[in-house]
Structures are given as C-alpha cells and as structure tokens.
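*Asks:* Pasting in a structure now, in structure tokens, and then I'll have a few things to ask.
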Amino acid sequence: MAHLSVGYAAVLARHGFDAAVLHSGRLQKRSSFDDQYWPLRAVPHFQHWAPLAWPDCAVVFEPGRRPLLVRLRTVDFWEQPAEPEADFWLQAFDVRDVADAGGVRDALPSGQRIAFVGDDDERRVDWGLDAHARDAATIRALDALRTTKTPYEIACLAEANRRAAGGHRAVRDAFLAGGVSELDLHLTFLRATAQDDSETPYKNIVAVGRNAAVLHHIAYGRRPDAGGATSLLLDAGATCLGYAADVTRTWTRGSGAAAAAFGGLVAGVDAMQRRLCDQVERGPSFETLHDACHVALTHLLADIGVLRRGSLSVEGALAAGVSRAFLPHGLGHSLGLQVHDVGCALRPPRPDNPWLRATVDIAPGHVFTIEPGVYFIESLLAPLRVGPVAGALDWALVDALAPFGGVRIEDDVVVPADPLARARNLTREQFDDAGGPV
Ligand code: GLY
Ligand code: MN
Ligand code: MN
C-alpha cells in the first residue's frame, strides 16, 4: 500500500488537492419503475485500495496519514453484502463504521481541498464537496496509476487465471461430449468456477457455431446441440480479490472437410497468438503490436487459402482492409481491476484502429490481454465481396468456414522488468498445453 500512497500523494499534489475521498459506489436501480437493484460494481479507484464490494463505503486518503476506511454498516433484514474473500488488507487502515451514507462527511478532514473520486454526484453533494472536487484530469491520472501492477496484483491476476482455467476445462469437456446448449455451457462454467453470474468479471461469452461471429454473444441458446461438426468460442473469466482474468479459447468438434479447415484456422490463430505474446516487450506502443497482428493475420489468411496466393501483396491486402474485415476488434487491452483497464488508453488510437483499447507505450508491470481472432461477420465481409479485391479471396472457402462463426484465443500477459526476459503468460501457465489450446 506504500506505493499507492506515494502515487496518490503525487497525483493530488499535481492537481491541487490535499486529500481524496474514494467512493465505493451506490447500488443502481435496474429500472426507475421498480425496486430492483443491480449488484454493485465497485469504483475501481476504491477497489485499488480495498477489495470490498460494499455500497456507500469510502476510503479517505491524506498524504502522510494512515488511510481511513469508512464502512457503511446498516442493520438490514432484507440483504447484506457479501464478505470479502480475505481481510488481511484491513490492517493497513484505520476503520470507522457508520450507520448511514452521510457518516462519511464527518470523517473528512476539515479545511482541506478534497478530491471526490467516484461517479455518484449525489454523494459528492451529501459529503459537502463542491463540483470542483470531481475533477476529470485527476481521475484520469489515478486511472494511469492502476496500469502498472505490483507483485501482489500480479499474484491476484495469476490466481484469477487459475480459477478461470478450471472453468474452461469443464466447458471444453462438456462441449466435446455434445448434447448441450449454450446456456448449459454457461452454467457449467459458473459451477466449475463457483461463481454467480453477477460475480464474473464480465458476462460469459458462450458462442456455438455461427454465434461466434457475434463478438459479445451473451444471448445463450437454450436448445441442446444436435451433434455434428461445430465450434465453441468461450470467453470467460474469474476474479481474485477484484482482479480479473479475461480468457478465450475456441474448440471444434466433428469431422468433414470444413471442420478440418476450421481446425486448421484455430491452430493457425493459436500459433499466431503465441508469437504475438512473445513479442510483448517494453518500449513500443501497444498499437505497434496491434499493427504487427494485422500483418501476421494477412499471412495466416494466405496460409489457409482464404487469401489466394499471389493475388495481392501483404501491403495491398492491408490497404484494402482485408484483415480488418476478419478482425474488427483490437489486439488486446490493459487488464486489472477492470477488464478493460482504462488507464492504458489515455491517447486515442489511429482512426483505422477505432476499437483498440490500449495505445500506451509498453512498460514493465503492464498487463495486457493478447486476443487475436478471425470471424466470419457477413456485414463486414459484404463490402469485400463486391469491392476491388473481391477476386483475391476464396469465397467458397469463406462460406464453408462461416457456419463455425469464428475463433479467438486470448491470454493475459505481464510485461517483464528484464528487457531480455519473455513476457509472463498468466493464462498458459494454468492451461495444459500438451493437450492442445486448453
Ligand atoms: N471479454 C471481453 C474482452 O475480451 O475484451
Ligand atoms: Mn479481452
Ligand atoms: Mn475476453
């Protein structure tokens, strides 16, 4: 916690504040027409200090003093928030329990310029802070602090990956056995990782066959599959003390030429993804790696025959946007307490990379996902079918692969301090490489 105090003190001094109050967040109504609430997603700045997902708690930080944790402890016979999975971190705090959310106001240092870090303006007002207390530049600077992970945070991310790996294995086995629906597979993942749906770091993406072409497919099919050749894309994670794993694997099942070709594509993306993970090193911007991915993908499309050999140069294919039609999303993003850790995207990507969520220069301690994919998304392929490079693509092969939807392989990697060391792959450490991608 010492490094957090140093980082916060520097940011506050730079932005003209003497102290900060970090709000854990407030329960959000599902609809203004009823009295149902979403489970709390704690404000990541608060969670950076305290892995506690309780509403209306606060951390009060003043440089040079022990941080104060103010916990809202109501007597409620309807609901109580879940206990955190560990409490060792409480030792770093002075703790004050209050009976209502206004109690935080009494805990704030008087006569100080206090930054409000949270998204609930009503609480800012309740706590007697004016609009200047909620300063976007300060919050952005605090976002950047979360991008460089400590050994403790990396241990949490590694454990989250260990938990996610067990879920992936269980789902792979259920899919390969057949006769299950997407909903069954989703529930299998939850059971194997002992998570409730609302506790997963992001909504599981469970996509069989063509559904894998919907990048965030979460409308799970209810019908058991009828057997035969198909694919499964599973993008599902777990957490440890608030830190997230974000992991994707793609499997294929069944026989026939199309299944074999799709299996070849999965193996090709897997090999490409491993090479990209090995290229994660300090120095270049993440966007450079994203660009390298598009070059590698163009070669892969040629290797599997989607791009006819000799029909188009790599530069010509890139300029025509061929790879972007098959891979519209970014190569990856920063990962931590947030699945899409925002602090590594403080500068916008180039206009041709609109969905890239990490643009930072890669530095030791950064943790990124590396998640290339290839998808058969008709709305993106349609312009290519009638465009100037249409003849360079084998559309019969594309149409044979389209029922398999797409493939994505996603690992979580840590940028090492040693420039000669390989990036640490938290995901592959937990997966059985001998048995294939999982
Ligand atoms: N699971 C969301 C993502 O991969 O970014
Ligand atoms: Mn991801
Ligand atoms: Mn993912």
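Just so you know, all these numbers are worked out from the coordinates, no wet-lab data involved. Keep in mind the model is a prediction, meaning the values are calculated, not measured. Please note: Cβ atoms are built from the backbone with ideal geometry, for glycine as well, and neighbour counts cover all protein chains shown.
*Asks:* Could you grab the Rg to Rh ratio for the stretch 304-355? Cα atoms only, Kirkwood for Rh. Spell out each step's value before the answer.
*Replies:* Working: Rg = 15.1 Å, Rh = 13.4 Å.
My calculation of the ratio gives 1.13.
*Asks:* Could you pull the Cα extents of the stretch 267-330 along its three principal axes, largest to smallest, in whole Å?
*Replies:* Principal extents (Cα only, largest first): 36, 25, 19 Å.
*Asks:* Can I get the semi-axes of the chain's equivalent ellipsoid? Compute them from the C-alpha gyration tensor as square roots of 5 times the eigenvalues, in angstrom, largest first. Walk me through the numbers on the way to the answer.
*Replies:* Numbers: eigenvalues 363, 124, 74 Å².
Largest first, the chain gives 43, 25, 19 Å.
*Asks:* Would you please state the base-10 log of I(q)/I(0) at q = 0.22 1/Å for the stretch 22-74, with intensities from the Debye formula using one equal scatterer on every alpha carbon?
*Replies:* Normalising to I(0) and taking log10 leaves -0.79.
*Asks:* Let me check the size of the stretch 156-263 from its C-alpha atoms; what are the radius of gyration and Dmax in Å?
*Replies:* 13.6, 45
*Asks:* When you count, for each residue, the other Cβ atoms within 10 Å and take the mean per peptide, how do 299-311, 115-127 rank with the highest first?
*Replies:* Details: 299-311: 16.8, 115-127: 18.9.
Order by mean packing, descending: 115-127, 299-311.
*Asks:* Okay, next question. Modelling each spin label as a point 7 Å along the Cα-to-Cβ direction, I'd like the H3/Q28 distance in nm, to one decimal.
*Replies:* A separation of 3.0 nm, rounded to one decimal place.
*Asks:* Can I ask one more? Arrange the peptides 363-371, 415-423, 194-202, 168-176 so that the one whose residues have, on average, the most other Cβ atoms within 10 Å appears first. Provide the component values of the computation, followed by the final result.
*Replies:* On the way: 363-371: 22.6, 415-423: 12.9, 194-202: 15.0, 168-176: 19.4.
With the highest mean Cβ count within 10 Å placed first, the list reads 363-371, 168-176, 194-202, 415-423.
*Asks:* Using a simple spin-label model with points 7 Å from Cα along the Cα→Cβ vector, what separation in nm is obtained for H299 and R275?
*Replies:* 0.3 nm
*Asks:* Can you pull the Rg over Rh of the stretch 68-163, Cα-only, Kirkwood? Intermediate values should be presented prior to the final figure.
*Replies:* On the way: Rg = 16.6 Å, Rh = 16.4 Å.
That ratio is 1.01, to two decimals.
*Asks:* Only counting other Cβ atoms within 10 Å, I'd like K29, K149 sorted with the fewest neighbours first. Mind dumping the intermediate values first?
*Replies:* Working: K29 12, K149 22.
Listing K29, K149 from fewest to most nearby Cβ atoms yields K29, K149.
*Asks:* What does the helix-only formula give at 222 nm for the chain: each DSSP H stretch with n ≥ 4 adding -39500 (n - 2.57), the total divided by the residues, and the result rounded to the nearest 500 deg cm²/dmol?
*Replies:* Numbers: 13 runs with 146 residues, N = 438.
Mean residue ellipticity at 222 nm (helix-derived): -10000 deg cm²/dmol.
*Asks:* Could you give the length gained on full extension between V214 and R113, defined as 0.36 nm per residue of separation minus the Cα-Cα distance, in nm?
*Replies:* On the way: separation 101, 0.36 × 101 = 36.36 nm, distance 4.74 nm.
Length gained, V214 through R113: 31.6 nm.
*Asks:* Can you tell me the alpha carbon radius of gyration of the stretch 339-389 divided by the globular rule-of-thumb value 2.2 N^0.38 Å?
*Replies:* 1.55
*Asks:* Assign unit charges at the C-beta atoms only (+1 for Lys and Arg, -1 for Asp and Glu), then state the dipole size of the chain relative to its Cα centre in Debye, rounded to the nearest 20.
*Replies:* Numbers: 43 positive and 54 negative charges, 150 e Å.
Roughly 720 debye, rounded to the nearest 20.
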